[in-house]
Amino acid sequence: MDCVDSILSRRSVRKFLQEPIKRELILKVLSSGASAPSAHNEQPWHFIIIDKNDTKEMIAQKMMKAYISSGKADEIKAKRSYDMIVETPIIIIGCLDRHRLKNVDELEYKMGIQSLAAAAENMLVAASCLGLGSYWRAAPLVTAEILRNILGIPDYIDPQWMIHLGYAAKEPKPKVLRDDINHWNYW
């Protein structure tokens, strides 16, 4: 599949087959993320790969409780999040390393977040090219302390996103693109 076709056909996958993914494919996805552009070439990222069921279970359980107690989700929505985590073969947590930033100020931090976003997109496209399904979530932004405690993440590392990775259980629906987003020369 050519690059543009892969980008245009990539879709979020929320249900995965319970099949293991070859380590070489996971490493290609990770290398694709690490190859992303970053502000000042700081490469301020770390990636935590979760493949152990007991770790996924702990994360899912604590996140479900946090979602319910925060009022951000009812029990049905929180259970759906729980199921997605425990039923995903591989989860990648993208983290921002504040020690790798040129300066620790608001602007540099925002550039670091954008760098992590570029890494995530590279991973999502790479997964699609490799025949894998993926799903990007910003859940770590609201559950950073849960992830810190379970995964032993240092204080200067900020979890930014979570990518679910596996073989799609079914073909995702086509995406309908908006037609009101491009503005030539002026708004």
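The values are calculated or read from the model by the stated rules, or taken from the named source; none is laboratory data. Please read all numbers here as calculations on a predicted model, not as lab measurements. We place every Cβ from the backbone using ideal geometry, glycine too, and count neighbours over all the protein chains shown.
Mind listing just one residue for me: the one in the range 71-90 that is of a type in the set (Gly, Ala, Ser) and not in a helix (DSSP H, G or I) and, of those, surrounded by the most Cβ atoms within 10 Å (Cβ to Cβ)?
Restricting to residues being of a type in the set (Gly, Ala, Ser) and not in a helix (DSSP H, G or I), the top hit is Ala73.
Any idea which of (1) part of a loop (DSSP other than H, G, I, E, B); (2) closer than 26 Å to Asp51 by Cβ; (3) touching a Leu at 6+ places or on another chain (Cβ under 9 Å); (4) not polar (S, T, N, Q) is the one Lys175 doesn't satisfy?
(2)
Here is a yes/no grid of residues against (1) closer than 21 Å to Asp51 by Cα; (2) in contact with a Phe, Trp or Tyr (Cβ under 9 Å, 6 or more places away or on another chain); (3) of a type in the set (A, V, I, L, M, F, W, C); (4) free of Cβ contacts under 8 Å to residues at least 60 places away in the same chain:
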residue: Leu107; (1), (2), (3), (4): no, no, yes, yes
residue: Trp136; (1), (2), (3), (4): yes, yes, yes, no
residue: Leu147; (1), (2), (3), (4): yes, no, yes, no
residue: Asp155; (1), (2), (3), (4): no, no, no, yes
residue: Gln160; (1), (2), (3), (4): yes, yes, no, no
residue: His164; (1), (2), (3), (4): yes, yes, no, no
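Of all residues in the range 157-168, how many are within 16 Å of Ile90 (Cβ to Cβ) and either of a type in the set (Val, Ile, Thr) or modelled with pLDDT under 95 (or both)?
Looking only at that region, the number is 1.
If the requirement is being part of a strand (DSSP E or B) and of a type in the set (Val, Ile, Thr), which of these qualifies: Ile49, Ile26, Ile68, Ile113? Walk me through how you get there before you give the answer.
Working: Ile26 fails: part of a strand (DSSP E or B); Ile68 fails: part of a strand (DSSP E or B); Ile113 fails: part of a strand (DSSP E or B).
When all the criteria are applied, what remains is Ile49.
Kindly establish whether Gly131 is modelled with pLDDT under 90 and at positive phi.
Spelling it out, it is not the case that Gly131 is modelled with pLDDT under 90 and at positive phi.
Residues of the range 29-46 being of a type outside the set (A, V, I, L, M, F, W, C), surrounded by fewer than 16 Cβ atoms within 10 Å (Cβ to Cβ) and part of a helix (DSSP H, G or I), which ones?
Hits for the range 29-46 are Ser31, His40, Asn41.
Yes or no: Trp136 under 19 Å from Arg100 (Cα atoms) and touching a strand residue (DSSP E or B) at 6+ places or on another chain (Cβ under 6 Å)?
Numbers: under 19 Å from Arg100 (Cα atoms): no; touching a strand residue (DSSP E or B) at 6+ places or on another chain (Cβ under 6 Å): yes.
For Trp136, the condition - under 19 Å from Arg100 (Cα atoms) and touching a strand residue (DSSP E or B) at 6+ places or on another chain (Cβ under 6 Å) - is not met.
Looking only at the range 1-23, count every residue that is of a type outside the set (S, T, N, Q) and either outside any helix (DSSP H, G or I) or surrounded by 15 or more Cβ atoms within 10 Å (Cβ to Cβ) (or both) and tell me the total.
Step one: filter the range 1-23 for residues of a type outside the set (S, T, N, Q), giving 1-5, 7-8, 10-11, 13-17, 19-23.
Those left that are additionally either outside any helix (DSSP H, G or I) or surrounded by 15 or more Cβ atoms within 10 Å (Cβ to Cβ) (or both): 1-2, 10-11, 13-17, 19-22.
Number satisfying all stated conditions: 13.
Condition first: more than 20 Å from Gly166 (Cα to Cα) and either among the polar types (S, T, N, Q) or in contact with a helix residue (DSSP H, G or I) (Cβ under 7 Å, 6 or more places away or on another chain) (or both). Can you find one or more residues in the range 90-98 that meet it?
Checking the range 90-98: at least one residue is more than 20 Å from Gly166 (Cα to Cα) and either among the polar types (S, T, N, Q) or in contact with a helix residue (DSSP H, G or I) (Cβ under 7 Å, 6 or more places away or on another chain) (or both).
Search the range 132-160 for residues being among the charged types (D, E, K, R) and out of contact with any Gly (no Cβ under 9 Å at 6 or more places or on another chain), and hand back the single one that is nearest to Pro20 (Cα to Cα).
Arg137
Let me spell it out: the conditions are (1) closer than 23 Å to Val125 by Cβ; (2) surrounded by fewer than 17 Cβ atoms within 10 Å (Cβ to Cβ); (3) out of contact with any strand residue (DSSP E or B) (no Cβ under 8 Å at 6 or more places or on another chain), and Asp51 meets all of them except one. Which number is the exception?
Checking Asp51 against (1) closer than 23 Å to Val125 by Cβ; (2) surrounded by fewer than 17 Cβ atoms within 10 Å (Cβ to Cβ); (3) out of contact with any strand residue (DSSP E or B) (no Cβ under 8 Å at 6 or more places or on another chain), the one that fails is (3).
When you go through (1) surrounded by fewer than 15 Cβ atoms within 10 Å (Cβ to Cβ); (2) closer than 30 Å to Asn41 by Cβ; (3) over 19 Å from the mean Cα position of the chain (by Cα) one by one for Gln114, which number turns out not to apply?
With (1) surrounded by fewer than 15 Cβ atoms within 10 Å (Cβ to Cβ); (2) closer than 30 Å to Asn41 by Cβ; (3) over 19 Å from the mean Cα position of the chain (by Cα) applied to Gln114, the lone miss is (3).
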